[in-house]
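Worksheet for the structure shown next.
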Amino acid sequence: MKMIIMAGGSGTRLWPLSRTHFPKQFLKLSGMDKSIFQMTIERCLLMGSMEDIYLVTSKDYLHLVQGQIEEMGKSIAMAQILLEPEAKNTLPAIMYAVQAIREKGEDICAVFASDHVIDYPQTLANIILGAVPLAAKGFVCFGITPTSPETGFGYIKPGDPVEGGFVVAEFKEKPDYETACRYVQDGYLWNSGIFMFHSKQFNDAVKKYNPEVYKAFQEAGVEAKFRKTPKISVDYGLIEKMGVVYGAPMVMEWNDLGNFTTLYDRYHTKKDDNGNVYFNDEIMLDSSNNLVYSEGDKAVAMVGVSDIVVVDQKDALLVCKRDRSPMVKDVVDVLKARKDVRADYHLTVYKPWGSYTILEENDFYKVKRLTVFPGQRLSYQMHYHRNEHWIVVNGTANVIIDDVDNIVRSGESIYIRSGEKHRLINSGNLILEVIEVQNGQYLGEDDIMRYEDDYVR
């Protein structure tokens, strides 16, 4: 069996925790020692090996995927990483993976999202492996037994029973609350977004029910495939058009972390006597059913409020009613329209060579902490509008300035003027940490001219 993990989403409904260049699947949420993506990999390894896992992600997330796989102690050389040149929703993403699988031979395939939280991974593995005979007969969707009427999920109406599951009678889109209550009473299941099928069956179904996608994927080269394919989900573009689709029930705890309401539900065991969920030393006075997610040492107090979400980060603050949390994606749209980088970036930005954290900034200076992994180096680059002063605080740096190699040890510093070509290298075995002070008339990240780059940016 092959496993397809879709890891290209941006998670806008969980802003400011999730941002375009570090979305929710790569987060390590409070109380978790692994990211959601890493936990998805671990679940798949209960059903196969790294060679059986096909990861479909954005080219912008390649270094995040590789870094988190290596952090798990796994070899990135064994992983099948497929990079989408542009986001075209789930049907093209799955088609991309199925084509790669079929090049090596036909097989049963299971499709997983990378942002689901499942507390009992072996239970999931047992259910998936048990559904292989059903998937050999036809397309299988997995339905979760509801614990409450949820308006943020699609639903599956079970039909006639078959061995290992049932025939799907109908798919239902996200309902209003009253309709969701009726669905739960009538035995409908939440649509988990987990699928199984035979690779040839999937290819033939796309050819029959969505010839536009099929034709696009006959093009040579992944860029051409994605340029010509329409943007469409696997639900609309395929599953709901098929004549017979099977369903398999999942009786287990499952959370898709789609918004802050589902995040609140995820931490139900942390609720205090008044239904509040919080993670630090927040003060709750005459307050109930709130979610507070704060970072740092800031004192946070809630007085006389209920059903509120507060997400406090150093550069962004979100306050909203819990039942309005799906609207957070609209906040991201407003920020993007304003060209506000806080829609896309955290204060800490992860790079293939390490990361940088913005410590302080204004219009004329910016202070960063650079962290460079052993054996890594930044691009050989130049800036038109800013000077940079680098102070090494841990490790030893090789700093190339106009082809001259300078060794800068801990406690020492070096100055780079605008117009000078330069490169920072960590040739040692320890993590290199550098404080960078920029000054100039323009400090944007796009003021960079790269001459050489190990990461082909």
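Leaving ligands, DNA and RNA out of it, rank SER287, SER30 by accessible area with a 1.4 Å probe, largest first.
Output order, biggest surface exposure first: SER30, SER287.
Mind grabbing the accessible area of PHE373 for me, 1.4 Å probe, Å², rounded to tens?
Roll a 1.4 Å probe over it and PHE373 shows about 90 Å².
Please compute the net charge surrounding LEU335, taking Lys and Arg as +1 and Asp and Glu as -1 over other residues with Cβ under 9 Å from its Cβ.
With Lys, Arg at +1 and Asp, Glu at -1, the net is +1.
Can you list the residues, at least 5 places off or on another chain, whose amide H is less than 5 Å from the amide H of ARG19, using H built in the peptide plane?
Under 5 Å from the amide H of ARG19 lie the amide H atoms of LYS24, each far enough along the sequence or on another chain.
Modelled label-to-label distance, ARG338 and TYR365, 7 Å Cα→beta-carbon offset: nm?
Distance between label points: 2.6 nm.
Express in Å², to the nearest 10, the accessible area of ILE41 obtained by rolling a 1.4 Å probe over the protein heavy atoms while all chains stay in place.
0
Based on the alpha-carbon gyration tensor of the range 1-129 and its eigenvalue square roots a ≥ b ≥ c, which shape applies: rounded if a/c is under 1.5, prolate if not and a/b is larger than b/c, or oblate? Walk me through the numbers before you get to the answer.
On the way: a/c = 1.56, a/b = 1.18, b/c = 1.32.
Cα axes put the range 1-129 in the oblate bin.
What list of ³J(HN,Hα) couplings, whole Hz, do you get for the range 173-189 from phi and the Karplus terms 6.51, -1.76, 1.60, once you set θ to phi - 60° and write x for glycine and proline?
Values per residue, Gly and Pro as x: 6, 4, x, 7, 5, 4, 5, 4, 4, 5, 4, 5, 5, 8, x, 5, 10 Hz.
What list of ³J(HN,Hα) values in whole Hz, one per residue of the range 406-411 in order, does the Karplus curve 6.51 cos²θ - 1.76 cosθ + 1.60 (θ = phi - 60°) give from phi, with Gly and Pro shown as x?
3J(HN,Hα) across the range 406-411, in whole Hz: 10, 8, 10, 9, 4, x.
Net charge near LYS298: determine it from the other residues with C-beta under 11 Å of the C-beta of LYS298, scoring Lys and Arg +1 and Asp and Glu -1.
Computed value for this residue: -4.
Sort the range 326-457 into rounded, prolate or oblate with this rule: let a ≥ b ≥ c be the square roots of the eigenvalues of the Cα gyration tensor; rounded if a/c is under 1.5, and if a/c is not under 1.5, prolate when a/b is larger than b/c, oblate otherwise.
Here the range 326-457 falls in the prolate category.
For helix 36-45, what angle does its Cα long axis make with the longest principal axis of the chain, in degrees from 0 to 90 and rounded to 10?
Here the helix axis deviates by roughly 50 degrees.
Give the shape of the chain as rounded, prolate or oblate, defined through the alpha-carbon gyration tensor: a ≥ b ≥ c are the square roots of its eigenvalues, a/c under 1.5 means rounded, and otherwise the shape is prolate if a/b is larger than b/c and oblate if not.
Taking the square roots of the gyration eigenvalues as a ≥ b ≥ c, the chain is oblate.
Show me 117-126, 20-29, 246-255, 267-276 ranked by packing, highest mean number of other Cβ atoms within 10 Å first.
20-29, 246-255, 117-126, 267-276
Tell me which residues come under 5 Å, amide H to amide H, from ASN290 once H is placed; ignore anything under 5 positions away on its chain.
Sorted by chain and number, the residues that satisfy this are ASN276, VAL277, ASP307, ILE308.
How far is helix 90-102 tilted, in degrees, relative to the longest principal axis of the Cα atoms in the chain, given as a value from 0 to 90 rounded to the nearest 10?
That helix lies at roughly 90 degrees to the long axis.
What residues qualify as long-range amide H neighbours of VAL162, i.e. H under 5 Å apart, gap of 5 or more or another chain, H built at 1.01 Å from N?
VAL167
On the full set of protein chains, 1.4 Å probe, figure out the accessible area of ASP333 and give it in Å² to the nearest 10.
Only protein atoms counted, so the area is about 90 Å².
The values are calculated or read from the model by the stated rules, or taken from the named source; none is laboratory data. Keep in mind the model is a prediction, meaning the values are calculated, not measured. Every residue, glycine as well, gets a Cβ built from its backbone with ideal geometry; the counts of neighbours run over all protein chains shown. In case anyone asks, the SASA skips ligands and DNA or RNA and just uses the protein heavy atoms, side chains included. Shrake-Rupley method; radii C 1.70, N 1.55, O 1.52, S 1.80 Å.
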